[in-house]
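Shown next, in structure tokens, is the structure this report addresses.
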Amino acid sequence: QKKKLLEELGENRLPYVTPADADFHQLWKTKYSKLIFGKSDTVPEELHQMVQEGFLTLRKHDCFFQDLVRIKGKDFVTPVSRILIGNPGCTYKYLNTRLFTVPWPTEGYDLNYCSPQIQDACQALIRLNDYLHIEAVKALQGQNLFETKETKDTTVIDREQNFATSLMEKGSVSKDQSSCCVPEDDYISLKNRTSYNLTLLNYMDPLQMLYLKQEPYFGMGSMAVSWHHDENLVERSTVAVYSYSCEGSAVEESNEQKLKGRDPAVWHVGLKVAWDIETPGLAIPLHQGDFYLMLDDLNMTHQHCVLAGFSPRFSSTHRVADCSRGTLEYIFGQCELALQNLQTDSDSKALSLKSLETAVVKQVEEIHNEVEFEWLRQFWFQGKRYLKCTDWWLKPMAKLEEFWRKMEIMTSLVLSEVGKEEQIEEQRNETISCFLPVLTERQRLRKEWTAR
């Protein structure tokens, strides 16, 4: 799609607007209304201070890392350095790379940080997370009020509004209160779409970068992050981004009025309608402490990029990650399911398989691959770096390795069973035909990971 679009454009560039343009607000209202922008002076000063100190602490302790990601079978190092902070046991996968959360302080978890300052930084980010959650609920409430005039089905809108109001007033809603007028599904839906379970922190100093890609469609200048949709999110969930550029006086005094288009000294977020060459793009300046929200399906219908300024910048990007297959709880559950097929003889202590049914064998071997390639190799590939913040992941990883070793034994047991002479040929062929593709895939992935 990108290639086709660039061919269509040729030497031309698409138009885009900034807040300095007269038609900016009209375009925003009609084509980008699900982007909500918050100026830094609307955020409590104490919160700014905590969060910004937290960013600098993490930077001082070398907790930001460039990721090795995989795009179309090739590995690239990201220009932006990142760290993932969030609910204990959560992970976030993007571009074939799984990041593991440095847990933020959470009740009921025994968390050991490498220093009290790192703990304070994680505490500041959970405070910011709570603040942005409330802002997202308010924003959805505001959008719903605005959309009631134009929408045919106002009942759903009104229900979400009522819910947002209750959430603001009470902090939560009991089932009894909700059942009188609002289906519980709507409460859950709105809460699920705004309850961020992690934040991906970014840091980049553009002046340290030898090369930054130029924005290809609009001529917006240097990009820190290319056009993309955020991936691995709960459908229609809000993404909230808090921006902190370490602006010096030289950058702040750069005269925006003299320039046509965006001021290259100032960081901007760029937005465009995905794969559309009719609608002009937006470039919105991001100053110290500003934040923005991408509501509802904006992340699916539009793409965004980050345009680099001159000064170093941190951002905290809060997400409702789809953790259906990305939590420790999930993968431990999978392991327990697989190991149900392993039994130990009470006398000889010899291990054997309970069943050789093809469906059972296939399921166990697929879980074996998932543990090895989605968890263990992803973690140790770049996992030692997490030890700069916390040793929290070491115990669960040791437990997963233990499960993996048992699954290796289970693979050997299947092989020895199909090798036995008394096996009925038809049964043996059936087992092999379900077993071999998973083993072949394991071999291929082991080679790929070794190369990485």
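The values are calculated or read from the model by the stated rules, or taken from the named source; none is laboratory data. Remember, predicted model here, so these are calculated numbers, not experimental data. Virtual Cβ from ideal backbone geometry, glycine too; neighbours counted across all protein chains shown. Side chains included, ligands, DNA and RNA excluded: accessible areas come from the protein's heavy atoms. Shrake-Rupley method; radii C 1.70, N 1.55, O 1.52, S 1.80 Å.
Here is how the numbers come out for the structure above:
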{"read-out": "Dipole-positive endmost among Gln334, Ser324, Leu293 within the chain (Cβ charges, Cα centre)", "value": "Leu293"}
{"read-out": "Protection proxy ranking, peptides 312-319, 443-450, 20-27, average beta carbon neighbours within 10 Å, highest first", "value": "312-319, 20-27, 443-450"}
{"read-out": "Cα-centred dipole magnitude for the stretch 328-451, charges only on beta-carbon of K, R (+1) and D, E (-1), debye, nearest 20", "value": "820 debye"}
{"read-out": "Apportionment of accessible area to carbon and sulfur, the chain, percent (1.4 Å)", "value": "51 percent"}
{"read-out": "Signed unit charges on C-beta, dipole axis of the stretch 328-451, positive-most listed residue Leu353, His368, Leu445", "value": "Leu445"}
{"read-out": "Value of [θ]222 nm, deg cm²/dmol, for the chain, DSSP H segments ≥ 4, -39500 (n - 2.57) each, nearest 500", "value": "-13000 deg cm²/dmol"}
{"read-out": "At R0 = 41 Å, FRET efficiency that the Cβ-Cβ distance of Asp391 and Leu212 yields, to 0.05", "value": "0.70"}
{"read-out": "Test item: Cα-centred dipole of the chain, Lys/Arg +1 and Asp/Glu -1 on Cβ, debye", "value": "1100 debye"}
{"read-out": "Per residue, in Å², the accessible surface of the stretch 328-451 once ligands and nucleic acids are set aside, probe 1.4 Å", "value": "56 Å²"}
{"read-out": "5 angstrom amide H check on Leu99, placed H, neighbours 5+ away", "value": "Tyr92, Lys93, Tyr94"}
{"read-out": "Cβ-placed point charges (K, R +1; D, E -1), dipole of the stretch 191-348 about Cα centre in debye, nearest 20", "value": "480 debye"}
{"read-out": "Positive-pole candidate from Ser195, His302, Thr42, dipole of the chain, charges at beta carbon", "value": "His302"}
{"read-out": "Most to least packed among 101-111, 212-222 [average Cβ atoms within 10 Å]", "value": "212-222, 101-111"}
{"read-out": "Span from the the stretch 385-399 Cα centroid across to the the stretch 23-42 one, whole angstrom", "value": "41 Å"}
{"read-out": "Among 5-14, 333-342, the order from most to least packed when residues are scored by Cβ within 10 Å on average", "value": "333-342, 5-14"}
{"read-out": "Cα→Cβ-extended label distance, 7 Å offset, between Lys420 and Ala451, nm", "value": "3.9 nm"}
{"read-out": "Relative contact order computed over the chain (Cα-Cα under 8 Å; 6+ residues apart), in percent", "value": "20 percent"}
{"read-out": "Cα gyration tensor shape of the stretch 28-119, rounded if a/c is under 1.5, else prolate or oblate by comparing a/b with b/c", "value": "oblate"}
{"read-out": "At R0 = 22 Å, FRET efficiency that the Cβ-Cβ distance of Asn369 and Gln427 yields, to 0.05", "value": "0.40"}
{"read-out": "Kirkwood-based Rg to Rh ratio, the chain, C-alpha trace", "value": "1.03"}
{"read-out": "Where N is the number of residues in the stretch 276-392, Cα Rg divided by 2.2 N^0.38 Å", "value": "1.75"}
{"read-out": "Neighbourhood charge, 13 Å Cβ-Cβ cut-off, centred on Glu441 and excluding it, Lys, Arg +1 and Asp, Glu -1", "value": "-1"}
{"read-out": "Nitroxide proxy distance, nm - points 7 Å out along Cα→Cβ at Val69 and Leu436", "value": "3.8 nm"}
{"read-out": "Shape of the stretch 1-159, Cα gyration tensor, a/c cut at 1.5", "value": "oblate"}
{"read-out": "Length-normalised contact order for the stretch 339-430 - Cα pairs under 8 Å, 6+ apart - percent", "value": "33 percent"}
{"read-out": "Subset of Lys31/Lys138; Lys39/Lys60; Lys2/Lys93; Lys72/Lys93 violating a 18 Å alpha-carbon distance limit", "value": "Lys31/Lys138; Lys39/Lys60; Lys2/Lys93"}
